[in-house]
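Peer 1: Below: one structure in C-alpha cells.
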Amino acid sequence: MSLAAEAFVSQIAAAEPWPENATLYQPLKEDQILLSDSASSLAVQTFLRMCGLPVLVSCRANAEYMSPSGKVPFIHVGNQVVSELGLIVQFTKAKGHSLSDGLDDVQRAEMKAYMELVNNMLLTAELYIQWCDDYTATEISRPRYSSPYSWPLNHILAYQKQWEVRRKMNAIGWSGKSLEQVYEDVSQCCQALSQRLGTQPYFFNKQPTELDALVFGHLFTILTTQLTNDELAEKVKSYTNLLSFCHRIEQAYFKEHDRESQSGSSRHSKGSLP
Amino acid sequence: MGTVHARSLDPLPMQGPELGVQADDMDLGEPEQEEKQEVLENKDVVVQHVHIDGLGRTKEDILTYEVADVFRAKNLIDVMKKSHEARQKLLRLGIFRHVEVVIDTTEGADALPNGLDVTFEVKELRRMTGSYNTMVGNNEGSMVLGLKLPNVFGRAEKLTFQFSYGTKETSYGLSFFKPQPGHFERNFSINLYKVTGQFPWSSLRETDRGVSTEFSFPIWRTNHTLKWEGVWRELGCLARTASFSVREESGHSLKNSLSNTVELAGYTGGDVSFLKEDFEIQLNKTLFWDSVLSTSLWGGMLLPLGDKPSSIADRFYLGGPTSVRGYSMYSIGPQSEGDYLGGEAFWAGGLHLYTPLPFRPGRGGFGELFRTHFFLNAGNLCNLNYGEGPRAHLSKLAECIRWSYGAGIVLRLGNIARLELNYCIPMGVQSGDRICDGVQFGAGIRFL
C-alpha cells in the first residue's frame, strides 16, 4: 500500500459508521470462481466476521473488472470501494475496528511477515497450479473462468488471463519450477505456519487477528476444493494442528449462521472439512 | 465536363473524316467553311469500336459493363451523351485519376461510312496513396491518417487502413471493399477495427474491437445496407471516483448484431441482446427575405430482448450543443453521482429560424456563410419499463420535458459542418441534469 493510498483510505473512511448494506463482490460461486480468488474472498469474509461487521456477499460475473485494482474480492461500503485484504484491514481500522490493536510492535512485524509468507508462497502456488499446470488449466481453470461469456470471447479472455499469470510467474522466477517443487514449497510454508501456531488456538495470544483470517481462508479453501488430484490438500492435512485450527475457526465463525453461508459450500468444493 | 474532343453541340464544319476538332482550329476555321456545314445531329452513326487505353493492372472485364451503353448510340449527340455517361461511370469506380474521351471516325478495312470509334484514355491511380485529414464531428475533432490501395486486384477492390486520433476517440481500422463487376451499387466490404473512447459525462471508458461485413444493394430506387457486426466490447471506469452504477457495468461483453437501419443484436450469438431503432426527420421551408424555417425531430428506442438489462454503451444520450442546447454534453436523464447513464428511449425536437446577418455584411463573400439563428429545442430521455403498455411509455416521455430557447450565430463550414455560438436559456430542468446556460459553443455535423 502506498502512503497516498493509506492516507486516502483513512481520511474518507473515518467519517461514517459501518452501514448495514455493506457488500462484498466476488465471481460467481457455482461456476466461475477459482481456488485463489475463493481463498482471498473467504479470508476477507472471515476477517469481517471476526470484527463483528456485517457484510452481504454478491456474486457477479464481472467482479474482477469492477474492482478498482483488478483483484477480487472488493467491498462496497457506503460510497467507497476497497479491494484486497491489506487495504480492507486498513479501511476497517480507520473506522475504528481492528483485531491487531493488542499486539506490540514486534508481534505486529511478525504478523506482517507471516502474512507476506502466505501471500508470496501459498497464493502464488495456488496461481501456479491453476494456470501453469497444463492439465489443471485445461480441465478446470479455463472452462470455469470463461463460463459467463459466449463464444469466441470465452476463449480469448481465458487465454489472456492464462498468459498474464504465466508472465507474472516468469517475472518472479517461478516458471522454472516443476509441480513437485511447488508442492514442496507449499509443504514448507505449512510447516512454518504449523510451527508458529504450535498448540495455541490462534497465532497470537487467544484472540484472532487478520493473519488467522488469511491463513484460514487459504487452508480451508485448499482442503475443500476439488482439483485434478488431492496432493495439495494432502500436504496441508499432514499438519494436524493446522487442520484443527481450521475446524476451530469454522465452528466459531461460520457454523452459527445459516447453511447457505459462504464457507465454501460450492459444487466445486467437497463441502465441509473431512 | 472534362475533355471530350468534339465539344461543341452546334453544327460543326465538316472537315472530312477528322471529327476531332481542336477549339482553336474551330475558331479560325468557322467563317470560311460555313457553306460546307452539315447538321450532324440527325445523321445516323454506328459505334463500331470502343477502346480503353492506358490500362495497367485493371482487368478489362469490369470495364466492359461501364462502356457497353456507348454501342447503343444512334446519332452523334447520343454518342457524346453516352460517352459522357460512360466516363462518369468509369470515374465512380474510383480506380482512375482521370478519363478522357476521344471520338473519331473509324478507319481500316471494316470501316463503315458512318462508323465511329470511341476511345477512353484513362490514367490509373497509383498503387498506394496516403492521406492526412483533420475531421470535425459532434463537438470533437480528430486527426486522420489514411493509407489506401485502390484497385488492389484489378477489379476495383479497395483496401484502406485508417488511423484516427481525436479528442474523444482513438481508432484504427482495416477495410476491404469489393463491388460486383458490372453492378457497382452492389458491393460488400469487410472491416476490422479497434476504437478506444472516453466519455467523461459518464466517467466511462470503452474499447471496442470488432469485425463487420456490409452488403449494399439497390432495391427499386433505394439503397439498402445489410450489416453484420461482431464487437468485443470492454467497459471500464474512467476515474476512481466513477459512480457505482458505472462500475457495475465494467467488464467484457460480446455484441453480435445485424442491422439495416434497425439494429437487431443477440440473435446471432453474443451476450448482448436488444432491438434498437432510431430516426431523424427534418423539414425546411424558405420564408421571405431569405430566411429559413427548419423543424427537426429525432427519436429512438432500445428494446432489450431476454432478461438482461441494457448496457450503458448501447443506450441513447441527450443534451449538448448539438442536440438540446442549453444543457451540457449528454447531461440529460438518468444519472448516478454525476455520471450520466443514458436512457432506453428518447425524443428531441427543434424549431429554428435562420436569417442572414442583419445589414448583410460581406454579401456574396465570407458573410454569406454566417446566419443568425433563433431556436427552440425540446426533448426527453428516460428508461422504460417494458412491462407497462405503450400508453405508459408515452406519458413517461411526455412528462418532465426539458426545453430551451435562445439565439446565436451559425457558421457553415463547407457543405457539411457547422459552428454555432448561441445564448441559451434552458427550461424544464430536472434535478440531476447539468445545464450550460448563457453562451454555448458547438461544432459538428449533425445538429438538432
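Peer 1: Highest GNM mean-square fluctuation, chain A, Cα pairs closer than 10 Å: which of A:139, A:126, A:84?
Peer 2: A:139
Peer 1: What's the Cα-based Rg to Rh of the stretch A:117-220, Rh via Kirkwood?
Peer 2: 1.08
Peer 1: Could you size up the charge dipole of the stretch A:71-113 around its Cα centre, putting +1 on the beta carbon of Lys and Arg and -1 on that of Asp and Glu, and report it in debye to the nearest 20?
Peer 2: About 200 debye.
Peer 1: Something else: At a Förster distance of 35 Å, what's the computed FRET efficiency of residue B:278 paired with residue B:307, Cβ-Cβ distance as r, to 0.05?
Peer 2: In this case the efficiency is close to 0.90.
Peer 1: Once the dipole of the stretch B:46-124 is set up with Lys and Arg at +1 and Asp and Glu at -1 on Cβ about the Cα centre, which of B:51, B:96, B:80 lies farthest towards its positive end?
Peer 2: B:96
Peer 1: Kindly provide the Kirkwood hydrodynamic radius of the stretch B:268-344 in Å, to one decimal, from all pairs of distinct alpha carbon atoms.
Peer 2: After inverting the pairwise mean of 1/r, the radius is 15.0 Å.
Peer 1: Go ahead and run the numbers for FRET between residue A:105 and residue B:168, Cβ-Cβ distance against an R0 of 56 Å, rounding to 0.05.
Peer 2: 0.60
Peer 1: Another one. Most mobile of B:194, B:276, B:82 per a Gaussian network model of chain B (Cα springs, under 10 Å)?
Peer 2: Judging by the Gaussian network model, the answer is B:82.
Peer 1: Below 8 Å between Cα atoms, with a sequence gap of 6+, how large is the relative contact order for chain B in percent?
Peer 2: Relative contact order, chain B: 9 percent.
Peer 1: A follow-up question, please. What's the FRET efficiency of residue B:285 with residue B:385 using the Cβ-Cβ distance as r and R₀ = 45 Å, to the nearest 0.05?
Peer 2: Computed FRET efficiency for residue B:285 and residue B:385: 0.70.
Peer 1: Express in % the proportion of alpha carbon pairs of chain B at distances exceeding 34 Å.
Peer 2: Every Cα pair in chain B considered, those over 34 Å come to 52 percent.
Peer 1: Rg(Cα) of the stretch A:1-149 divided by 2.2 N^0.38 Å?
Peer 2: 1.11
Peer 1: Got a sec? Charge dipole of chain B, +1 on Cβ for Lys and Arg, -1 for Asp and Glu; which of B:403, B:260, B:429 is way out at the positive end?
Peer 2: Projecting each Cα onto the dipole axis, the largest value belongs to B:429.
Peer 1: Please report, to one decimal in angstroms, the Kirkwood hydrodynamic radius of chain A built from all distinct Cα-Cα pairs.
Peer 2: 19.2
Peer 1: Now, a different point. With N denoting the number of residues in the stretch B:46-124, provide Rg(C-alpha) divided by 2.2 N^0.38 Å, to two decimal places.
Peer 2: 1.06
Peer 1: Shielding of B:244-253 by partners, i.e. mean partner chain Cβ atoms within 10 Å per residue?
Peer 2: Shielding by partners across B:244-253 averages 6.
Peer 1: Something else now. Taking the square root of 5 times each eigenvalue of the Cα gyration tensor, what semi-axes in Å does the equivalent ellipsoid of the stretch A:7-95 have, largest first?
Peer 2: Output for the stretch A:7-95: semi-axes of 21, 13, 11 Å.
Peer 1: Another question about this same structure. With Cβ to Cβ distances under 13 Å as the rule, what net charge do the other residues near residue B:412 carry (K, R +1; D, E -1)?
Peer 2: Once positives and negatives cancel, what remains is 0.
Peer 1: Right, something else. Across every pair of different alpha-carbon atoms, what Kirkwood hydrodynamic radius in Å does the stretch B:273-447 reach?
Peer 2: For the stretch B:273-447, inverting the mean 1/r across all distinct Cα pairs yields 17.3 Å.
Peer 1: For the protein assembly as shown, max minus min Cα coordinate along each principal axis, in Å, sorted largest first?
Peer 2: Projected onto its principal axes, the Cα set of the protein assembly as shown covers 130, 64, 47 Å.
Peer 1: Let me ask something additional. Please state, as a whole number in µm²/s, the translational diffusion coefficient that the Stokes-Einstein equation yields for the stretch B:127-271 at 37 °C and 0.692 mPa s, with Rh defined as the Kirkwood radius across alpha carbon pairs.
Peer 2: Estimated via Stokes-Einstein, D reaches 190 µm²/s.
Peer 1: Ok, one more. In peptide A:152-159, what is the residue-averaged number of other protein chain Cβ atoms found within 10 Å of each Cβ?
Peer 2: The per-residue average across the peptide is 3.
Peer 1: Obtain the radius of gyration and the Kirkwood radius of the stretch B:138-203 from its C-alpha atoms and give Rg over Rh.
Peer 2: 1.13
Peer 1: Starting from the 7 Å offset along Cα-to-Cβ, what nm value, one decimal, do you get for the label separation of residue A:116 and residue A:231?
Peer 2: 2.9
Peer 1: Put +1 on the Cβ of each Lys and Arg and -1 on the Cβ of each Asp and Glu in the stretch A:7-95; which of A:69, A:86, A:32 then has its Cα farthest toward the positive end of the dipole?
Peer 2: The residue sitting most towards the positive pole is A:86.
Peer 1: GNM, chain B, Cα, under 10 Å: largest mean-square fluctuation among B:150, B:113, B:179?
Peer 2: Ranking B:150, B:113, B:179 by mean-square fluctuation puts B:113 first.
Peer 1: A further question follows. With an 8 Å Cα cut-off and a minimum separation of 6 or more residues, compute the relative contact order for chain A in percent.
Peer 2: The value is 23 percent.
Peer 1: Could you tell me how many degrees, from 0 to 90 and to the nearest 10, lie between the Cα long axis of helix B:76-92 and the main elongation axis, the longest principal axis, of the Cα atoms of chain B?
Peer 2: 40
Any read-out appearing in this document is the output of simple, stated calculations on the displayed coordinates, not a laboratory observation. Not measured: the values here are computed from a predicted model. Note that each Cβ is placed from the backbone with ideal geometry, even for glycine, and that neighbours are counted across all protein chains shown.
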